[in-house]
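The values are calculated or read from the model by the stated rules, or taken from the named source; none is laboratory data. In this text the structure is predicted, and so the values were computed from the model without any measurement. Cβ sites come from the backbone with ideal geometry, for glycine too, and all protein chains shown count toward neighbours. Remember, those area values only see protein heavy atoms, side chains included, never the ligands or the DNA or RNA. Shrake-Rupley method; radii C 1.70, N 1.55, O 1.52, S 1.80 Å.
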Amino acid sequence: MTLADSQSLKDLIARRRAGHSLAADFYRRQDIFEADMELIFGRHWIYVGVEPDVPEPGDVVVVDIGKTSVLIVRDDDMNIRAFHNVCRHRGARLVSTPNAVVGNLVCRYHSWTYGLDGKLLFADHMGEDFDKSCRGLKPVHLRSIAGLLFICLAEEPPKDIEAMAEALTPYLAVHDLPNCKIVKSTDLIEHGNWKLTMENNRECYHCGANHPELTVPLFAYGFGFSPKTLDEGEREQAARYQALVCDSHARWEGAGAASREVEHLADRVTAFRAERLPLDQHGESQTLDSKVASRKLLGQINDPAMGGLSVWTQPNSWHHFMSDHVVTFSVIPVSPTETLLRTRWLVHKDAVEGVDYDLENLTQVWLATNQQDADLVEITQAGVESPAYEPGPYSVFTEGLVEKFCDWYLGRLSAGLATDLAEAA
């Protein structure tokens, strides 16, 4: 990004009206997309997968973020490592498929061979003076938080990942994610800017009108409402729901599962939120009958009615943890107007399909919801492309967390621009 482009973007950020959606340029300009990739996805902790992506030594998963390709590898000592997917010889990509199982990492071009720890083991015809020890794969920072894998492409990653780990682990540990298995994974290309995908996720204002499957297990009062517009009966229902939340939090936390809201979506560099909320109907899981989809519960959980734990991280993930299964979501920008939504469904590693769970029952709520959300993102992208678009106001009752996403994004974009401008001065 040139200095002129940086100054132009700074001016655009400064003109943003608080409590309103972003200017159209943030959703469609190529130079802002490139700034997003460099300053947001290149300098922050990005959620990329789960430990069960690489359950055995030699398992490899490839994650592409913009022009950067990263290998997530399980080594022979069961450590999980991340490396740039670039041979240290002449730059060929080592692994060109999304998943692989390898003994060593061998470049197909000239057979340079790397161990699962990234060390260069073999490079033929390079002469006696060639030093293999300084030609190992370039490492990428990786941190597992109770089984959720985050990478950072920056040389110096934000250190407050440790604060997020300390806060989230009590929520996640009871579900024992490392001892789950992935039973379904989908990649959905949404035809909209990545920020529209994230903004759509940060509110449920749209749920009642668009998500008939998801609103079976979700309570209508769980994601904000305007109290003065409720009639007497609705106020009683809202009060009963709030009492249920308080009682449920006390019960779950008594069983060792952190549940009350912890929220740092706008005031931390590595930003996050977690809260466990009751589910409606039978109260067990995000399924069409709200009962568990897998009979084999996760970790040490004995109570199927453990509600739904929602975990969000900035800039690119959300997750739903229940007593019987987990659904995780990562958002990767593809272009100014295209976004990859990657979804994984996990159950206990010993659960057997057809015996303990039915895959269609397990996945149908979020398969439907993802497509509905993709449709919403697409029509919004089409709208913000119009000359008639101007930023509209957020609901203070239901869209406060969208505002926090935008605050975080603009704050981190500004911080990155300030650093670059200072270095260029």
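If you go through the stretch 306-322 one residue at a time, do you hit one that is polar (S, T, N, Q), within 17 Å of Trp345 (Cα to Cα), touching a residue at least 24 places away in the same chain (Cβ under 8 Å) and assigned to a loop (DSSP other than H, G, I, E, B)?
First pass over the stretch 306-322, keeping only residues polar (S, T, N, Q): 310, 313-314, 316-317.
Checking which are within 17 Å of Trp345 (Cα to Cα) leaves us with 310, 317.
From what is left, the residues that are touching a residue at least 24 places away in the same chain (Cβ under 8 Å) are 310, 317.
Restricting the remaining residues to those that are assigned to a loop (DSSP other than H, G, I, E, B) gives none.
Within the stretch 306-322, none of the residues are polar (S, T, N, Q), within 17 Å of Trp345 (Cα to Cα), touching a residue at least 24 places away in the same chain (Cβ under 8 Å) and assigned to a loop (DSSP other than H, G, I, E, B).
Residue under question is Gly58, and the condition is that it be in contact with a strand residue (DSSP E or B) (Cβ under 6 Å, 6 or more places away or on another chain) and on the phi > 0 side of the Ramachandran plot; does it hold? Break it down stepwise before answering.
Working: in contact with a strand residue (DSSP E or B) (Cβ under 6 Å, 6 or more places away or on another chain): yes; on the phi > 0 side of the Ramachandran plot: yes.
It is true that Gly58 is in contact with a strand residue (DSSP E or B) (Cβ under 6 Å, 6 or more places away or on another chain) and on the phi > 0 side of the Ramachandran plot.
Could you please find all residues in the stretch 333-343 being under 28 Å from Glu263 (Cα atoms) and either open to solvent by 10 Å² or more (accessible area, probe 1.4 Å) or touching a His at 6+ places or on another chain (Cβ under 7 Å) (or both)? Reasoning before the result, please.
So in the stretch 333-343, the residues under 28 Å from Glu263 (Cα atoms) come out as 333, 339-343.
Leu340, Arg342, listed by residue number.
Please determine whether any residue of the stretch 392-399 is β-branched (Val, Ile, Thr) and assigned to a loop (DSSP other than H, G, I, E, B).
Of the stretch 392-399, the ones β-branched (Val, Ile, Thr) are 396, 398.
If we keep only those that are assigned to a loop (DSSP other than H, G, I, E, B) as well, we get 396, 398.
Looking for residues that are β-branched (Val, Ile, Thr) and assigned to a loop (DSSP other than H, G, I, E, B), one finds at least one in the stretch 392-399, hence yes.
When you look at Val269, is it open to solvent by less than 20 Å² (accessible area, probe 1.4 Å), among the β-branched types (Val, Ile, Thr) and at pLDDT 95 or above, yes or no?
Numbers: open to solvent by less than 20 Å² (accessible area, probe 1.4 Å): no; among the β-branched types (Val, Ile, Thr): yes; at pLDDT 95 or above: yes.
Criteria not met by Val269.
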### Query
Looking at the stretch 129-147, is at least one residue within 30 Å of Gln314 (Cα to Cα), assigned to a loop (DSSP other than H, G, I, E, B) and without any contact (Cβ under 8 Å) to a residue 40 or more places away in the chain?
yes
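In the stretch 117-128, what count of residues is obtained for those that are part of a strand (DSSP E or B), open to solvent by 70 Å² or more (accessible area, probe 1.4 Å) and not aromatic (Phe, Trp, Tyr)? Steps first, answer last, please.
Step one: list which residues in the stretch 117-128 are part of a strand (DSSP E or B), which gives 120-122.
Keeping just the survivors that are open to solvent by 70 Å² or more (accessible area, probe 1.4 Å) gives 121-122.
Adding the requirement that they be not aromatic (Phe, Trp, Tyr) leaves 121.
So the count comes out to 1.
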### Message
Cβ-Cβ under 6 Å, sequence separation 6+ or interchain: first residue in the stretch 172-184 and small (Gly, Ala, Ser), partner surrounded by fewer than 23 Cβ atoms within 10 Å (Cβ to Cβ). Which pairs?
### Response
Ala173/Ala146
### Query
Regarding Gln364, is this residue assigned to a helix (DSSP H, G or I) and closer than 20 Å to Thr287 by Cα?
yes
#### Entry: Selection from the stretch 357-380 of residues that are open to solvent by 30 Å² or more (accessible area, probe 1.4 Å) and either over 18 Å from the mean Cα position of the chain (by Cα) or without any contact (Cβ under 8 Å) to a residue 12 or more places away in the chain (or both)
Asp358, Leu359, Glu360, Asn361, Gln364, Gln372, Asp375, Leu376, Glu378, Ile379, Thr380
### Task
Under 7 Å between Cβ atoms, at least 6 apart or on separate chains: pull out the pairs that start in the stretch 257-285 with a residue that is on the phi > 0 side of the Ramachandran plot and end on any residue that is open to solvent by 10 Å² or more (accessible area, probe 1.4 Å).
Gln281/Val216; Gly283/Ala305
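Out of all the residues in the stretch 148-183, which are part of a strand (DSSP E or B) and open to solvent by 50 Å² or more (accessible area, probe 1.4 Å)? Can you show your working first?
At the first step, the residues of the stretch 148-183 found to be part of a strand (DSSP E or B) are 148-152, 180-183.
Lys181, Ile182, listed by residue number.
Would you be able to tell me the number of residues in the stretch 244-266 that are of a type in the set (A, V, I, L, M, F, W, C) and open to solvent by less than 50 Å² (accessible area, probe 1.4 Å)? Reasoning before the result, please.
To start, the set of residues in the stretch 244-266 that are of a type in the set (A, V, I, L, M, F, W, C) comprises 244-246, 250, 252, 255, 257-258, 262, 265-266.
Filter again for open to solvent by less than 50 Å² (accessible area, probe 1.4 Å), leaving 245, 252, 257-258, 262, 265-266.
Residues flagged as of a type in the set (A, V, I, L, M, F, W, C) and open to solvent by less than 50 Å² (accessible area, probe 1.4 Å) within the stretch 244-266 amount to 7.
If we only count strands (runs of 3 or more DSSP E) wholly inside the stretch 7-116, which ones have 3 or more residues that are closer than 30 Å to Asp160 by Cβ and in contact (Cβ under 8 Å) with a residue 60 or more places away in the chain?
Details: elements: 46-50, 59-65, 68-74, 80-84, 99-101.
In the stretch 7-116, 46-50, 59-65, 68-74, 80-84 are the strands (runs of 3 or more DSSP E) which contain 3 or more residues that are closer than 30 Å to Asp160 by Cβ and in contact (Cβ under 8 Å) with a residue 60 or more places away in the chain.
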#### Entry: Candidate set from the stretch 209-242 (those that are open to solvent by 50 Å² or more (accessible area, probe 1.4 Å) and of a type in the set (Gly, Ala, Ser)); member that is farthest from Val402 (Cα to Cα)
Ala239
